[in-house]
Amino acid sequence: MSYGFETHNSSGSVVLDTNTAGRITYLYKASGTITTGSSTNTGTSFSFGSASLQTINADNTLLVFVKPKNATQDVKVYGKPINNGAGFNIYSYPGNQEFDYIAFEVSTDKPKATSGYGIEVYDANGKVIFSNQFMSTRVRALLAGSGATYSESSSTLYASLFQAPSNSESVEESSVLFRFTTSGYMLRFNTDGSISTIKDVMSSNVSGGGGITYSYFSNVYDAAKSIIIDTQGITL
């Protein structure tokens, strides 16, 4: 690089520089708890419990990380951002689950400090892209693909929420009924403390409309990866 600032980790990799700030400078925006609604499973109808939060109001790209607050069984969860950073939708099975969440946004223009001690990094346009005034976090792992699992003895581990449906399918069951299902990648918080990415059914139901058979595939919000972070040192 011809100018600016770089920091390297013990392996020699660049972890912060003024030319690629958006790569890692997601800084703390908001945190709290959110509780999903009831899920259903009647044998012919299946759905995740859901909830929506629209008060984060990020100025730039939003990342939301979650963990179950008091889960006593394996919990499946996925979600997606809404309204250009205003917030997110979250879905869980079983439902009626309380989640801690922590939201980060890309740092592209943070307020400049007026006093005190610390460090600020500016880009070529003079905008603050890193500041010790704003909390950041540590990435612990990247789960990629169905069945990937990460385990660590820590109560401060969160996983990125934005997994979403990738396949909706309707298959004829009889001359008057068809089954509609939606499936895709999601997180599973396991009772042993590990976190996995899995591909599973998100909703399923039988409806009228005999003779209809179709499949629909979409890459919108299709995700098979999840970032695991450690929030140790962050005051929530």
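For the stretch 188-200, indicate whether the set of residues that are at pLDDT below 85, of a type outside the set (Asp, Glu) and under 25 Å from Gly32 (Cβ atoms) is non-empty.
no
So which residues in the stretch 28-48 are over 16 Å from Ile229 (Cβ atoms) and open to solvent by 50 Å² or more (accessible area, probe 1.4 Å)?
Answer for the stretch 28-48, where residues must be over 16 Å from Ile229 (Cβ atoms) and open to solvent by 50 Å² or more (accessible area, probe 1.4 Å): Thr33, Thr35, Ser38, Thr40, Asn41, Thr42, Gly43, Thr44.
Would you check which residues across the stretch 57-103 are among the hydroxyl-bearing types (Ser, Thr, Tyr) and within 19 Å of Ser146 (Cα to Cα) and list them?
Once the filter is applied, which keeps residues that are among the hydroxyl-bearing types (Ser, Thr, Tyr) and within 19 Å of Ser146 (Cα to Cα), the stretch 57-103 yields Tyr78, Tyr91, Ser92, Tyr93.
Every residue, every condition in (1) part of a loop (DSSP other than H, G, I, E, B); (2) under 18 Å from the mean Cα position of the chain (by Cα), yes or no:
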site	(1), (2)
Phe46	no, no
Lys67	no, yes
Asn70	yes, no
Asn84	no, yes
Lys112	yes, no
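Go through the stretch 80-108 and give me each residue that's touching a residue at least 60 places away in the same chain (Cβ under 8 Å), open to solvent by less than 10 Å² (accessible area, probe 1.4 Å) and either hydroxyl-bearing (Ser, Thr, Tyr) or closer than 16 Å to Ile195 by Cα (or both).
Those that are touching a residue at least 60 places away in the same chain (Cβ under 8 Å), open to solvent by less than 10 Å² (accessible area, probe 1.4 Å) and either hydroxyl-bearing (Ser, Thr, Tyr) or closer than 16 Å to Ile195 by Cα (or both): Phe99, Ser107.
Within the stretch 60-79, take every residue that is open to solvent by 40 Å² or more (accessible area, probe 1.4 Å) and in contact with a Lys or Arg (Cβ under 8 Å, 6 or more places away or on another chain) and give me the one that is nearest to Gly32 (Cα to Cα).
Lys76
Give all pairs with beta carbons closer than 7 Å in which a residue from the stretch 45-63 that is more than 16 Å from Tyr91 (Cα to Cα) and without any contact (Cβ under 8 Å) to a residue 60 or more places away in the chain meets a residue that is open to solvent by 40 Å² or more (accessible area, probe 1.4 Å) and assigned to a loop (DSSP other than H, G, I, E, B); count only pairs at least 6 apart in sequence or on separate chains.
Filtered contacts from the stretch 45-63: Asn60/Thr108.
So, Ala51, is that one among the hydrophobic types (A, V, I, L, M, F, W, C), modelled with pLDDT under 90 and surrounded by 15 or more Cβ atoms within 10 Å (Cβ to Cβ) or not?
Taking the combined requirement at face value, the residue does not satisfy it.
The values are calculated or read from the model by the stated rules, or taken from the named source; none is laboratory data. Note that the structure is predicted; figures quoted are calculated from it, not measured. Note: ideal-geometry Cβ built from the backbone for every residue, glycine included; neighbour counts use all protein chains shown. For accessibility, only protein heavy atoms count, side chains too; no ligands or nucleic acids. Shrake-Rupley method; radii C 1.70, N 1.55, O 1.52, S 1.80 Å.
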